[in-house]
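One structure below.
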Amino acid sequence: MTIAATFLPRTAPSPLPPIAFVGGGNMASAIIGGLIQQGTPAGTFEVVEPFEEARAKLAKSFGISARAEAGEALSRCAVVVWAVKPQTFAEAARAMRPFAASALHLSVAAGIPSDSIARWLGSERVVRAMPNTPALVGQGMTGLYARDGVEAADRALVAQLLAPTGELLWVDHESALDAVTAMSGSGPAYVFYFIEAMAEAGVDMGLSPEQALRLAIGTFTGASALAHSATEPPQVLRERVTSKGGTTYAALCALEAADVKAKFKEAIRAAQKRAGELGEEFGKT
C-alpha cells in the first residue's frame with residue numbers, strides 16, 4: 001500500500017469555482033473560514049443546513065445566507081462538500097442529486113463508502129476525506145481517497161479547497177481510510193485524554209489546575225513540533241530523553257508494566273473496526 005503525504009505551501013490560491021456545502025457544522029465552517037481568510041469571497045459558497053441555529057452562525061461568522069434545503073441555486077456549484085452525519089447522508093443525497101449532476105463530490109462523512117456515495121449521486125467523481133478537529137485551527141491532518149473517475153485536476157481542486165485546514169495525505173486503497181479514521185480522525189481525542197490525565201496527575205502532585213494544564217498542553221505541543229521537524233523516528237527521540245535509572249525511565253517502566261502500549265494499540269484497532277461498521281450500517285441504503 002502506497003501512502004503519499006502532501007504538504008502544501010501557503011501561497012495565494014487561484015480563484016475557486018462555486019462550492020456547495022451540504023451540512024454547515026464545524027468541519028464545513030473550518031473549510032469555509034480558512035478559504036475566506038485566504039481571500040475567497042463569501043459569495044463562492046452555497047450552504048444547505050437544516051438547523052436554524054447553524055444557519056445563523058454561518059451568517060454571523062461569514063456573511064453566508066445558508067438555505068434549509070437543496071434548491072436550483074446549487075446547480076451552479078462545481079464542487080459539493082458533504083459535511084453531514086453518516087446516518088443522514090443517503091436522504092441528503094436524494095434531495096441534492098437533481099442539482100449536482102456534473103459536480104465533483106467531496107465527502108467528509110465518516111465511514112460511508114464511496115460505492116454508496118457514487119450510487120446515491122449517480123457520479124463516479126467522488127473523493128472521500130477523513131479530516132480531524134485541529135482543522136478548526138488550520139492544524140488538521142486529512143486522509144483522502146479518490147475513485148477512478150476523479151481526474152488529476154479534480155484532485156488538485158480538492159487539495160486547494162482543503163489547504164487551509166492543514167496537511168493532506170492521499171491513500172491508494174479506500175480500506176486505508178478506516179485506519180486513517182482510527183488514527184488521525186479519532187486521534188485528537190486520544191491526545192486530549194492524555195493531556196487530561198497529565199493535568200490530573202499534576203494537581204495530585206500539588207500544582208494548581210491552571211499550572212498543570214499549561215504544563216500538559218505545552219509538553220504535547222513542544223514534543224509534537226519536535227517530532228514533526230526531526231529526522232529521527234519517535235523511538236530515538238524517546239530514548240534521548242530516557243536515562244536509565246532516571247525519572248523518565250521510572251515513568252516508562254510503569255507504563256510498560258501496565259501494558260499501556262498494547263492497550264493503546266487495541267483501542268485504535270477498536271476505532272478502525274467501528275469505522276468499518278459505520279460503512280456497513282449506513283452505506284447500504
Can you spot a residue in segment 180-194 that is surrounded by 13 or more Cβ atoms within 10 Å (Cβ to Cβ), hydrophobic (A, V, I, L, M, F, W, C) and in contact with a strand residue (DSSP E or B) (Cβ under 7 Å, 6 or more places away or on another chain)? yes
Spot the failing condition for S65; the list is (1) assigned to a helix (DSSP H, G or I); (2) surrounded by fewer than 17 Cβ atoms within 10 Å (Cβ to Cβ), and only one is missed. (1)
Output the residue which, of all residues in segment 233-279 that are over 24 Å from L177 (Cβ atoms), touching a helix residue (DSSP H, G or I) at 6+ places or on another chain (Cβ under 9 Å) and of a type in the set (V, I, T), is surrounded by the most Cβ atoms within 10 Å (Cβ to Cβ). T242
Hey, among the residues in segment 194-205 that are farther than 30 Å from R128 by Cβ, in a helix (DSSP H, G or I) and of a type in the set (A, V, I, L, M), which one's farthest from the chain's Cα centre (by Cα)? V203
Just to be sure before I move on: is E72 assigned by TED's automatic domain parsing to the domain that holds S107, surrounded by 14 or more Cβ atoms within 10 Å (Cβ to Cβ), within 25 Å of D154 (Cβ to Cβ) and among the charged types (D, E, K, R) in the structure I sent? no
Return yes when L106 is surrounded by fewer than 21 Cβ atoms within 10 Å (Cβ to Cβ), within 27 Å of T40 (Cα to Cα) and either touching a strand residue (DSSP E or B) at 6+ places or on another chain (Cβ under 8 Å) or modelled with pLDDT under 95 (or both) and no when it is not. no
Residues that are more than 28 Å from A225 (Cα to Cα) and charged (D, E, K, R), drawn from segment 235-285: K273, R274, E277, E280, E281, K284
Which ranges mark the strands (runs of 3 or more DSSP E) fully within segment 118-193 that have 3 or more residues being more than 19 Å from P86 (Cα to Cα)? 166-171
Going through (1) within 19 Å of P164 (Cα to Cα); (2) over 22 Å from the mean Cα position of the chain (by Cα); (3) at pLDDT 90 or above one by one, L74 fails only at (1)
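The values are calculated or read from the model by the stated rules, or taken from the named source; none is laboratory data. The model shown is predicted, which means the values in this text are computed figures rather than measured ones. Don't worry about glycine lacking a Cβ; one is built from the backbone with ideal geometry, like all the others, and counts go over all protein chains shown.
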